[in-house]
Amino acid sequence: MKKRWLILIVILVIVAIVLAIVFINLFRDKDTTALAKEVNKVTESGYLDENNKANQDVDKYLQSMLKLSDNLEADYLATLLKTDNLSAENEKMANYANAYAAFEVIGQFYNRQIVFSKYTKVYAQQKKQISKNFSKAQKAVDALETYFVEQNVKIGNADEWLARTWDDCKVQLQQLFAFTSSAFAGLNEVYKNCVPSKLVNNAMSDIILDEVNGMTKNIADGQADFGKKLLTFANAYLSVAGEQVILQHSYNAAVQAAAKDIKEKGAESEYYASFVAGELAF
Amino acid sequence: MKIKKLLLTMALCCFCVFSVVGLAGCKDVTLSLLKENFEKLDAAYAANSDVFVEGEFEGLPTKYLISSYGTVVDKRIENGTEGYEELLKLYNATLVMASDYVDSNREFLLALEEKELSKQSKEALKILNDSVVEYTNSIEDFIRGRASLMDYFSKYAEESEVSNMKNILQFKKIYGNMVKKNVRLATNSARMVETTKIFELLKQTHPTAADTETVKEYIRAKLLPIYSEMKITEIANNMNWSAQKEGDCKPQIDAVIEKLDASFVDFKQNFVTKKTSKVLTKTEMGHLFDIAEEFFVEAEAYFQALYGLSLSKLAVSYDNQMSKYLKENALAEVYLQKLEQFVGHSLGQFMDAVCDIIYA
């Protein structure tokens, strides 16, 4: 008899605790500021902040690398850079410099909007992965900074010595772009599925962010001209001035028509060329 | 034995708590209760019929003009004196527009069939009823505050402008609290209408001129808190903005406030003064609802940004220094950017689009 009472009490207590946990989880506000704060940290004080020291050092490094062709004989420079295609290697450097600037603009765009997302399954699924990717990209930038300090890189001087650093730095730069691109791809999913406002999340923002997704994937391997194209594109549609084209979508039939046409026909659309060139105007 | 009794008591207490919490949410509010509370509101107005008077506000006939704030203050309002003229042009204007909407919806809502109310309508009804009660209660505070203000200015107006402004600011807090509750009442009235099938009917049948007016008034009521929440609730209720320090972000915020003020003038012009809206086609009515729905979702982001930024904390505790405030509120700049985007672009674009549809 005594044992039965004890068992009953224990069961009641367990059920009460379970109910309490269920109720708390049901009514707790699902907070989306956590991801917003991560993005904010990366773009306002981390490696995507143009005022961040590491950011500026990487930019200085790339600008200095681009000047090497003026100062060193081509064949010799190619040997130092460990490449058999100097022209392609120079393009890669230019791509990286432009892409980094473009990534700042893209990061700022997400920084402005992600805090206004709603908590959904997509948010929950993507948050951790986005965080991890930004963290890995930050580590790549930190590794570059450490390398610069260890190697005591004299930006603008000692051309030969500078050229010899390229093979090591390239690896970190590729990581930086690859992981940041992956983070942006995750943010694109969150944006599309979790930002409820059609004024900022609509058919025009869809095609813009999808195009950014496609372009950023090409940066890590440094294909021709992608950095410059990405920078022009990002400034045209994702900067504070540029995002007007997204905000116009709800009220401008021409914007709606262009977005629809590009979505349906892709490169075959009459608008595609000017869209990709950052020249869509209404 | 004692331990057993203790455990059993704890377990039973948990169940009692859950039962009470669960049952507490079940109390239904009826339309008759809402009617009773509206009648109490009418009684509050009637008891103060020397304060809330009939008249016209920028072309809108109203029963909610505040008759007077005393001779001295009335004169300063008439002269457009900064710090005083808002009592009419912002506070009373908002009160008039919100109250007008509440009145125009009231008969429709009270005529609904209790049995046909959906779950959403019942929830909206409870919220609406609570806001009627809250607003009614705030009227007495306003009446007392107004009496104090009139008493002060009748005796001490000539003594000190600093003291005059202090009294005006104290009165604005009370007035602002009443207006906030009034706007909330109007917004909740609009939400209750949204839960009925009336808007679906408007989209499906051939609209009339009266239907355009109904939708125009609905949009007007939904737009009101965009102005009142920043200008009154966030700013005027908490501080004298013009006396705040010139920190690194004050020019940015000044620009937002200036744009909002200009937009409020357009808002009154387009939604109060202008009369001849046209008869819409079904397509136009559908399009109007679509853009309104999209815009008011974005407005939620605006409110999130407004409350997230906490202008009073930024101004009073951090002297408008964003660089320092960011250490406490990392997203403050993001919120400010949203306010800039919404007030600078989205609000004007929406109003232009609505006017293009509803006016010939």
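Miscellaneous remarks
- Proximal aspartates and glutamates to B:Lys63, defined as alpha-carbon separation beneath 18 angstrom and excluding residues fewer than eight positions away on the same chain: B:Glu39, B:Asp42, B:Asp50, B:Glu54, B:Asp100, B:Asp103, B:Glu107, B:Glu140, B:Glu217
- For B:Lys282, net neighbour charge (Lys/Arg +1, Asp/Glu -1) across residues whose Cβ lies under 15 Å away: -2
- Taking all Cα pairs closer than 8 Å and separated by 6 or more residues, the relative contact order of chain A comes to 22 percent.
- Residues A:Tyr76 and B:Lys245, FRET efficiency given R0 of 41 Å [Cβ-Cβ distance, rounded to 0.05]: 0.10
- With a cut-off of 17 Å on the backbone N, the residues of the range B:96-116 near the modelled label site 7 Å out from B:Val53 along Cα-Cβ are B:96.
- For the residues of A:112-120, the average number of beta carbons from a partner chain within 10 Å of their own beta carbon is 4.
- The range A:61-190 - Rg and Dmax from Cα coordinates, angstrom: 17.7, 57
- Extension gain for B:Lys278 to B:Leu110 (0.36 nm times residue separation, less C-alpha to C-alpha distance): 57.6 nm.
- Remark: accessible surface ordering of A:His249, B:His206 (largest first) is B:His206, A:His249, probe radius 1.4 Å.
- Mean separation of Cα contacts under 8 Å (6+ apart) over length of the range A:1-146, as relative contact order %: 36 percent
- For B:345-351, mean number of other protein chain Cβ atoms within 10 Å: 3
- Between B:Tyr64 and B:Gly55, the built amide H atoms are under 5 Å apart, and every one of these is 5 or more places off in sequence or on another chain.
- One quarter of the surface of the convex hull around the alpha-carbon atoms of chain B equals 24.3 nm², the direction-averaged projected area.
- Under the simplified labelling scheme, the A:Ile21-A:Lys53 pair shows an inter-label distance of 4.6 nm, with each label point 7 Å from Cα along Cα→Cβ.
- Ranking by accessible area, most exposed first, for A:Trp161, A:Trp166, A:Trp5, B:Trp241 with a 1.4 Å probe: A:Trp5, A:Trp161, B:Trp241, A:Trp166
- Sorted largest first, the principal axis extents computed over the alpha-carbon atoms of the range B:206-360 equal 57, 26, 20 Å.
- Note on A:Lys217: aspartates and glutamates with a C-alpha under 14 Å away, same-chain residues under 8 apart excluded, are A:Asp225.
- ³J(HN,Hα) computed for each position of the range B:322-330 - Karplus, 6.51 cos²θ - 1.76 cosθ + 1.60, integer Hz, glycine/proline x: 4, 4, 7, 5, 4, 5, 8, 10, 4
- Take the Cβ atoms of A:Ala158 and A:Lys41, set R0 to 45 Å, and the FRET efficiency comes out at 0.85.
- Rounded to the nearest 20, the size of the Cβ-charge dipole of chain B about its Cα centre is 1440 debye, with Lys and Arg at +1 and Asp and Glu at -1.
- For the range A:32-276, the alpha-carbon coordinates run over 57, 41, 26 Å along the three principal axes, in decreasing order.
- When the GluC sites (Glu not before Pro) in the range B:77-172 are filtered for DSSP coil states and for at most 10 other beta-carbon atoms within 10 Å of their beta-carbon, the remaining sites are B:Glu82, B:Glu113, B:Glu158, B:Glu159.
- The range A:113-242 - convex hull of alpha carbons, volume per residue in Å³: 127 Å³
- Across B:Lys250/B:Lys313; A:Lys121/A:Lys192; B:Lys181/B:Lys231; B:Lys180/B:Lys231; B:Lys216/B:Lys282; A:Lys53/A:Lys127, pairs whose alpha-carbon gap is larger than 18 Å: A:Lys53/A:Lys127
- In summary, the convex hull built on the alpha carbon positions of the range B:29-196 has an orientation-averaged projected area of 9.7 nm².
- Placing a pseudo-label 7 Å from each Cα along the Cα-to-Cβ vector at A:Ala241 and B:Asp261 gives an inter-label distance of 2.8 nm.
The values are calculated or read from the model by the stated rules, or taken from the named source; none is laboratory data. Small disclaimer: the values here were computed from a predicted structure and weren't measured. All Cβ positions, even for glycine, are placed from backbone atoms using ideal geometry, and neighbour counts span all protein chains on display. Accessible surface is based on the protein model in full, side chains and every heavy atom, while ligands, DNA and RNA are left aside. Shrake-Rupley method; radii C 1.70, N 1.55, O 1.52, S 1.80 Å.
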